[in-house]
Amino acid sequence: MFFQKHIVRHSLCLLLLIFSGNISFAQAPSDLLLSNNTIPENEDLYTFIGVLSAVDSNQASGHQFSLIKGEEDNSFFRIRGDSLFSFFSFNFENESSYTIRIKANGTNNNILIKSLSIIVIDVTGKYDLNGIADADIANKYPQVNVGDYIYFNGVGSSRAIYAQNSGSPTISYPNKILIRGDSYQAIGINCAQVNGNNSNERVPISNFLGQVYVLQYLFLDGGSFWRLTGAYEPGLGLGSRHYKGCHKNNSTVDFGFSNGTYGIWVSREWIDEGTNLVKVSGTATGFEIDHLEISDGGFAGLMLKYDDMDIHSMDDVEVHHLYIHDIGSEGMYIGSTQVEPQHVFNNLHIHHCAVLRIGGEAIQVEQQNGGCLVEHNVLWGAFDWLSPFNRYQDNVFQLGAKNGDITVRNNIVMGAAGNAFNAFNSPKAGITPNGLPITFEKNLIWCSRSNVSIYQGGASDNITPWIWKDNYAGKFFFDWDRVYNTAINYPDILFIGMNSPLINVSATGNRFDSTRTNFQTFSGIGNVQVADSNNSQMALENPQFRCLLEDSDDFNYLKWTRWTAIIGEATTFPAATTNKGQAVTYTIGDVVQYPVNGRSRFYKCLQTHSLQEPEAEGNAYWQLLTWNNKGTLSYLPPDDVRMDIGSFYYTENIGLEVAENSFIVDAGSDQSQYVPVDTIIYEGNAHSPNSNISSYQWTQVGGNSLTLSGQNTQYLSCINPLPGTYTFLLTATTVSGLTGTDTAMLFILEEPQAPIADAGSDLVLSTGTTTATLDGSASMDPNGQIISYKWKLLDADQHAVTKTFINFTNSAHQANSPWNNTPGPNHAGNIISNLSDSLGNNTSVSIELLGSWYGVLATGRVTGNNTGVFPDAVIKASSRISTGIYQIRVFGLNPNELYNFEFFGSKYGGGNRTTIYSVGDKSVSLDVANNFTNTVELKWIQANSNGEILIEISKSTDAIDGYLNALIIEKTNLMFGNSTAATSTITGLENSTYLVELEVIDNECLSDLDTVSILVGVTNNAAIQSRPIEASISIQPNPSSNWITLSMDNYETPLQCNIHTLDGKIIKTQPILNPQTSLNIQHFPAGIYLVNLRDRQGNITWSSKLIKQ
């Protein structure tokens, strides 16, 4: 075999949809039936659709049915037993039909896979109109009360709710606003007439019939005492039982693996870093926001303010149980930082939020006029410290006070580059200081790279006292000078830059580790009255998170950051006193946040380097990190940032949870791993406020018998567990004799193995042979069943074709033979029949224009002397491609024959005129501005069984327009006998070399590729004779533990790279098609390997040793 590729691909079952009928095997069921395939729109999740059954001569019933993983539409459905249910509230106006892919297994394990269509029924009248619910609607939906306002639909195809300026609901307590679960571009609601009574009687704004997902922003304007919530509270008719977010089991703050499980999720999908995702503005007051997920890009995750307005205040605002993660700059941006006058906040309360991996400040609260309480949050900010949007935008928490009576307590603050806390108190006209203190108490500051940790500054009101009490600060690793070249590593925690001798500052009972030597000092003109007592340096406990990143308790969280090529990449970041423009050097073990397909992924550095960007699946420099969430691949880490029960900071009430007053036992988080597994360890914890723990006892209460150790200790070890589900009971006993229990589960899974494609040995055929037999029957699957074969022609060195030339023109610009000129203006529906080929023969080939075609333009970039790639008459005229997709149906082709298509476009003048030409999953693009020389081609396209091929043409997203001047259809006479069979033929061969690919897909939707070369009458061709490679070849790095890069100069011909053990066993094969190729060796056992390169005949042309560390 030549160019063998073993590429595991997930989510590839979409490819199966190209087949007509069913995919079945010997003795498999012959058909799959569904008793009903319709469902009305606007129904709740888990609405019953129909019963599945299989037609099977071997058994009448008892088949197992499952949805094929990876099918896009399958995510909207669920199967329980033989019943199909919805898992989405369908909207007919957005999508009227769905295609699902179902697998039926018989008792003999033979499989049938079939596609089924599910039709959405249109619902009309009041059951599909936005507005006030009457008794009929309330009777239909249990969570709806008469008088509730329901948004069933967004606006048009944008799926947006725009009601800031019109259509605003008038709702008062106890009614609520419900938004049907769907994916919306944006939501904006004018809440001016949405008014509750007080902080205990707010008007809820909630998701309804599933999850509300918002791409751009969720904006609420005005109103009083309303509550935006994604919580599931059935007693109040709020939310969906399938989206409970951080409410798991008995915990209300378990953020671990909670991504995508909140009733309301707003994500910018890294489209930009300038959008504010959830925003409240106008004269809103008394509102509450809770149980939302806010993620992936944008500027601020949550923004609460109305700039340049000081005629009201936002009072009694409560923000809690938010999962805000992977945001561009600000996690929460509350209160204006702009020039006065600005409105103030009274009685702001922020609590029990996980604000993680934020580019700048995790929380910034400004314009606080007292009553502010920020408590029990976990904050991880300054992720974009190497390239923030502006100078000093790399702190974690910032306070802008206008008065006293402000408390920040029991929070965990991580990742500071500038300061963990920036705190200011500036006087404001019209506000008389109340004399109450600003207090920072019992916070944990951990893992900071700054020169200090806390900065207290501002103009001061000369009255408000400050209290720094019982805080903990540790693990400082100064490297802030990588960005700011004048930064100095100071030995202090608190810098006081406030110049106000009348101000009293109390600093008592604060603890810091050996990375600092002093708690407080003055900065610059700092001058206040300081009472400093009982602050001490001591060894500090590491925070023991339940399950954050799945790393050890002593992990350095500063290893994680956002990827950037250079320091200060943002244009707004200044150059003065910074290292702006300097390339960032990443070292082994660094982890970077990097967006892929709109979601955050994380990559671990494998070798020290600069300027090497991560690739989606990783490369020689970056290893893609993934986590196992009970068998589901997760690109986000488990963000369970609760403290271990009984750990030091848990007993200090620092973090998300308050230490229980009762006896509590925790067996640890559930765990899941793929086999093989050596040992799984559970850490048990228990806490009693009145007595010490005297013993732990582990008992297996579920699953097959396991080898265990440590049953009588705090740590349980499960040794060599086999696939299955296991349950363990932890019993803890106190000295006083109290006992408590908790359970933990273990999921050991068999990781699906990809099939192994085998396209057979290369074929050497005699001169004049026109047919070759392709044999992929040796392909196999280690732990499943191959359900699909697909043969494709990749390349041919030389192969004669017959061309048909088509000129898209009008009567004024006709090209001479062999061109076929379109007759007059090109409009949708035009058919040009019986085209002539380049030999002057009439053919059965015809084309039909579908879609948005209109007219012809004579704006091509002609040469004036016919010296372009085509005559000036062809270059001159074109069809303009504007918005949407333009289609050409080519018909009258030989069924299943392979054809090539060459495209040409031209537009006189500059600007972006990039045009995309596509057939199926293949596409090419061409910028046609001032073009008279270049064409692009799609090759080896197979006509369907009706002899048709559909071409699609569009302009690129940022192009002005696209153009099509000419299309050349090339008839190849090549044809597969059955391109979807294990054994096939290819006919129409000539004396040439062909490269054919076989793709196989198994019942787990994993795939593999292999290729076979067919050499017809060219065995003595000097072009393929073995010869040494005249190039410099290297492997870097060597030794390596993860990835290597094979590099060669003067690369000319495809090669095959084999890596094998010293005893000759080949363990990796990969084609070398480029001067540089990355190879993943991270799963190789440590040792010495041999690497060789082989030419087309299998001759070794180069070899080297490789050391795997």
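Below, the figures for the structure above:
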item: DSSP-assigned coil residues among chymotrypsin sites (Phe, Trp or Tyr not before Pro) in the stretch 511-587, each with at most 12 further Cβ atoms within 10 Å; result: none
item: DSSP-defined antiparallel bridges as percent of all bridges, the chain, nearest 5; result: 55
item: Two-site label geometry, PHE648 and SER1047: point separation in nm, points 7 Å out along Cα→Cβ; result: 4.7
item: Charge dipole of the stretch 802-976 about the Cα centre (unit charges at C-beta), most positive-ward option of ILE953, SER846, ASN931; result: ASN931
item: Extreme residue, positive dipole direction of the chain, given options GLY703, ILE179, LEU989 (C-beta unit charges); result: LEU989
item: Packing-based order for 213-223, 373-383, 170-180, 624-634, using average beta carbon neighbours within 10 Å, highest first; result: 373-383, 213-223, 170-180, 624-634
item: Theoretical gain in end-to-end length, LYS630 to THR771 [0.36 nm per residue, Cα-Cα removed]; result: 45.8 nm
item: The stretch 802-976 shape via C-alpha gyration tensor axes, a/c threshold 1.5; result: prolate
item: Full-stretch length increase - GLN537, GLN64 - with 0.36 nm per residue and alpha-carbon distance subtracted; result: 163.9 nm
item: Dipole magnitude of the chain, debye to nearest 20 (Cβ charges: Lys/Arg +1, Asp/Glu -1, about Cα centre); result: 1160
item: Inter-label distance for THR571 and ASP958, nm, one decimal - labels placed 7 Å from Cα along Cα-to-Cβ; result: 1.2
item: Charge dipole (debye, nearest 20) of the stretch 75-220; +1 at Cβ of Lys and Arg, -1 at Cβ of Asp and Glu; result: 500
item: Euclidean distance of C-alpha centroids, the stretch 282-314 and the stretch 43-101, integer Å; result: 40
item: Cα-based reach from LYS1068 at 15 Å (exclusive), listing aspartates and glutamates while leaving out same-chain residues under 8 positions away; result: ASP758, ASP1008, ASP1010
item: Cross-link pairs beyond the 24 Å C-alpha cut-off, checked among LYS103/LYS630; LYS803/LYS922; LYS907/LYS971; LYS907/LYS955; LYS604/LYS1108; result: LYS907/LYS971
item: Segments 62-68, 460-466, 400-406 sorted - mean Cβ within 10 Å per residue, highest first; result: 400-406, 460-466, 62-68
item: Cα shape, the stretch 663-749, gyration tensor, a/c 1.5 rule; result: prolate
item: Spatially proximal lysines relative to LYS140 (Cα-Cα < 16 Å; intrachain offsets below 8 disregarded); result: LYS126
item: Listed peptides 603-613, 448-458 by packing density, highest first (mean Cβ within 10 Å); result: 448-458, 603-613
item: Distance in nm between pseudo-label sites at SER1078 and LYS140 (7 Å out along the Cβ direction from Cα); result: 5.2
item: Fully extended contour minus Cα-Cα distance, from ASN704 to PHE522, at 0.36 nm per residue; result: 59.1 nm
item: Whole-angstrom gap from the stretch 380-414 to the stretch 855-906, using each part's C-alpha centre; result: 58
item: Radius 13 Å from Cβ of GLU318, net charge of other residues (Lys, Arg +1; Asp, Glu -1); result: -3
item: Selected from SER57, THR47, SER96, residue furthest toward positive end of dipole (the stretch 13-121; charges at beta carbon); result: SER57
item: Net dipole in debye of the stretch 568-631 [+1 Lys, Arg Cβ; -1 Asp, Glu Cβ; about Cα centre; nearest 20]; result: 220
item: Cα-based shape type of the chain, given that a ≥ b ≥ c are square roots of the gyration tensor eigenvalues and the cut on a/c is 1.5; result: prolate
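Only the coordinates and a few stated rules stand behind these numbers; no lab work does. Please read these numbers as outputs of a predicted model, since none were measured by experiment. Note that each Cβ is placed from the backbone with ideal geometry, even for glycine, and that neighbours are counted across all protein chains shown.
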